[in-house]
Every structure is written in structure tokens, then in C-alpha cells.
Protein chains: 2
Amino acid sequence: MSRNRQPAPEPTHGWLDGAQQRAWLAYIRVQLRMAYEMNRQLLADSGMSLPDFDVLTALGVADGGRMSITVLAAQIGWERSRVSHHVRRMSTRGLVSCGPSTTDKRVTEVTLTAGGRHALEQAAPGHVDLVRNLFFDGLPPELTGPLTEALETVYANIIRRGLLPPPVDWRPARD
Amino acid sequence: MSRNRQPAPEPTHGWLDGAQQRAWLAYIRVQLRMAYEMNRQLLADSGMSLPDFDVLTALGVADGGRMSITVLAAQIGWERSRVSHHVRRMSTRGLVSCGPSTTDKRVTEVTLTAGGRHALEQAAPGHVDLVRNLFFDGLPPELTGPLTEALETVYANIIRRGLLPPPVDWRPARD
DNA sequence: GGCGATTACGTGACATGTCACCTAAGCTAG
DNA sequence: CTAGCTTAGGTGACATGTCACGTAATCGCC
């Protein structure tokens, strides 16, 4: 039986070692299920999606509850057109309002409405309860610090090497 | 000025403390950007989406490259209808094939095609390179273990308390 | 001032994901 | 054996996200 098959390509720097594979598998599994559970709880209890909540949260801590599309995208970690589409949808539901900036005619500013702020205030406790229940109740307290440090350094690396722009208030750590 | 406002509700068990908030923020930020970067690299380099890759990966390690919809959903951490929709789409692209089980007429089995396996083999190295570049190159090696342990215990908790069923090969750890 | 390059973001076609509902098959108790 | 309950998953309406492209505004150099 003739097998004129090219060998399968390999990663430039080799496959992940056993410990890395295990870490990666745990990470992938957690994020898939957490995303589903968070979205589901918000839809069921607050009538909003997780993406809604992410936008409201980012605006909720912004100066004047206002941000431009680009700033919002970088803050959350979204692509700009994703923001554009989504805030349009949110504005039809009265959660945010959109309007041109007074200082730059290209810029669109997204502003949290009173209704949006109220929706956020109503949604946040249930969301936090779920996060505590599913994530932190399963996390040994002594691992919170190492987990944080691990993810923060990973995040810094993603900012450095990834394709999306950094948040505007990002200060690169010394390398 | 009259303020007849109900006080904003609070979480049943209180807000997250400072260390938890910091951990959570790091986690949320990492997963949003990692998902985007992974999807983008797969689309650009391999012509497939991250969800495609997740399905192919799960089938790639299954007995005979075959799983039922329900098993696949639980393995990945997806809702069943998500699997149903997505494998239908993948099958039109020749990556998987779907057919009734011989043992239970209700069951649909999803099978990795030769084309699907080939696509997976072609895509995996680039994906691993990206994961290494963005995630592991930013992770201090001595934190791999604690990160893994943290996420594995969180995952076990999500399985226990979340709404999606566990993977079929899930063995509950002693509590 | 003018021009070219860059920036901001809206748009549309299409890919993807959720919920509620439905039909069919399988299981179990009476 | 039958009926009621549970399981499996397909379906559709609609929500969400990506990429490529387009227009308009701004910036900086000559």
C-alpha cells in the first residue's frame, strides 16, 4: 500500500510539553463553560447578554460614563466593528447612547444612559454571585495570588504581541 | 431634590474582595483577547474558525474519531444545539460527517472525515505556535503548576455546580 | 495650502450561538 | 402491554461577531 503522504507539519518551537498541555486544557475548559454560564445567568436573571454586561461595565467605570468606540474596544479587548455593531444594538434598547464627539468629527462617543446604569446596578450582584459560586468557591484561596500573577503576566504578553491595541491607560511594565 | 430610589441590590455573599477582583479582571481580560487571537490566526492561516478547531480536536482524540452530539457537547462544554448547528455547517465543508447511530435511533454520530483530520493536522502546529507565543511565553514557568491546579479545581467546581452536563469520562474527585 | 497617509468607524454579507419548541425514540412503572 | 416520563437532537427566529470595504476627518510633510 503506497503512502505518499507528506508528514504532518509541526510547530516551529515544538509541541507543548506535558505540563503546558495540562495547563492549557484546564484553561480552555474553564473559559468555555464560564462564558456559557455567565451569559445564561445574565439572560435569565437580568435580560441582558454577557456582551451587554461587558460594555456596561467598561462604561460604568469611565469618566462621565463615556468612551469612544476605539477606546471601548481596546478596553474590553474587542474588535472595533464588534463594538460598533453591538452598541448600535444596545442603543436601540436604551442602554447606551451614541453621538459624535465635540473635539473630533470622526469619533463616536458611547455614553451610558441612566437606564443602562440602572440595568448594570441590577445585574451586577447576580453576576458576582455566579462568579463567586462557580469560580471562586472552587478556587483554593492560597492559589488566588499565583493565578492572578500568572494571568497578569500572560495578559501583558498578549498586549505586547497580539493584534488588538492596548487599553488607553495601559502602562507597559519594564521588560 | 427628592430621591425615592431603591438602593441598588447587593450580592448575596457580598462583593468580591480586592484580591478576587484583581484575579477576575486578569482572567476576563486574558480570555477575551486570547479567543479573538486564536480565532483570527486559525481563519487567516488555516481557513477554519476556532469553533471548527474545537470540534476537530475533540473528535481527533475520540475512539474512531466519532462521538454523539450530546457527548461532543459535554466534552467541549457547549450546548447541544450549538453542536447540532455547527456540525451541520462543518459537514457541508467536508470536515465531519453525521449519521444515525446503529444502537439508538435517536442518536446522531459525528465522525471526523479524512479531510477533517487532515485539516486538523495542518492547523494544529500554527495554533500551538500562537498559544505558545501569546500565552506560555508570557507565563513564568514556575507559575504553570499553580495556574493548572487553580484552573483544574475551578473546572471541577463548574462541573459540579454549572448547568452543562459533565464530560462522559468525568470522574468526580473526592470532596 | 495641498496632498498623501493615517485614523475613526459604519456597513453588509455571512459565520456563529441561544432559547424555546418540536418530534421521535427509549425507558420504566403499573 | 401501555402510558407517562425522559432523552436525543433538529429547527427557526433572532442575537452576536468577523472581515473586507467604504467614506469622511485629521495629521504632518513639503
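Miscellaneous remarks
- FRET efficiency estimate (nearest 0.05) - Cβ-Cβ, residue A:98 to residue A:35, R0 25 angstrom: 0.45
- Label distances, nm, residue B:161 versus same residue in remaining copies, Cβ-directed 7 Å point: 3.4
- Binned Cα-Cα distance frequencies in the stretch A:63-131 - 5 Å width, integer %: 4, 16, 23, 24, 20, 8, 2, 2, 0
- When each of A:152, A:79 is scored by the number of other beta-carbon atoms lying within 10 Å, the sequence from fewest to most is A:79, A:152.
- Within the stretch A:101-171, the proportion of C-alpha pairs whose separation exceeds 16 Å stands at 73%.
- Once the mean of 1/r is taken over each pair of separate Cα atoms and inverted, the protein assembly as shown shows a Kirkwood hydrodynamic radius of 22.0 Å.
- Evaluated at q = 0.14, 0.20, 0.27 Å⁻¹, the base-10 log of the normalised Debye intensity for the stretch B:1-52, with identical point scatterers placed on the Cα atoms, takes the values -0.63, -0.78, -0.98.
- Descending semi-axes in Å of the stretch B:1-149, equivalent ellipsoid built from Cα gyration tensor: 37, 24, 15
- Here is how far apart the residue A:88 label points are across copies: 2.6 nm, shortest first, using a point 7 Å from Cα toward Cβ.
- Ranking of A:67, A:34 by neighbouring Cβ atoms within 10 Å, starting from the fewest: A:34, A:67.
- Shielding by partners, peptide B:10-19 (average Cβ within 10 angstrom, other chains): 5
- Chain B, helix-only ellipticity at 222 nm - DSSP H runs n ≥ 4, -39,500 (n - 2.57), divided by all residues, nearest 500: -19000 deg cm²/dmol
- With a Förster radius of 22 Å applied to the C-beta separation of residue B:6 and residue A:61, the computed FRET efficiency comes to 0.50.
- Peptide B:137-143 - average C-beta neighbours from other chains (10 Å radius): 6
- Distances in nm from residue A:63 to the matching label points in the other copies, shortest first (labels 7 Å along Cα to Cβ): 6.2
- Cα-based Rg of the stretch A:21-82 normalised by 2.2 N^0.38 Å, two decimals: 1.35
- Of A:27, A:36, the sequence from fewest to most neighbouring Cβ atoms within 10 angstrom is A:36, A:27.
Rule-based calculations on the coordinates, nothing more; no lab input. Just so we're clear, the structure is a prediction, and the values are computed from it rather than from any experiment. We place every Cβ from the backbone using ideal geometry, glycine too, and count neighbours over all the protein chains shown.
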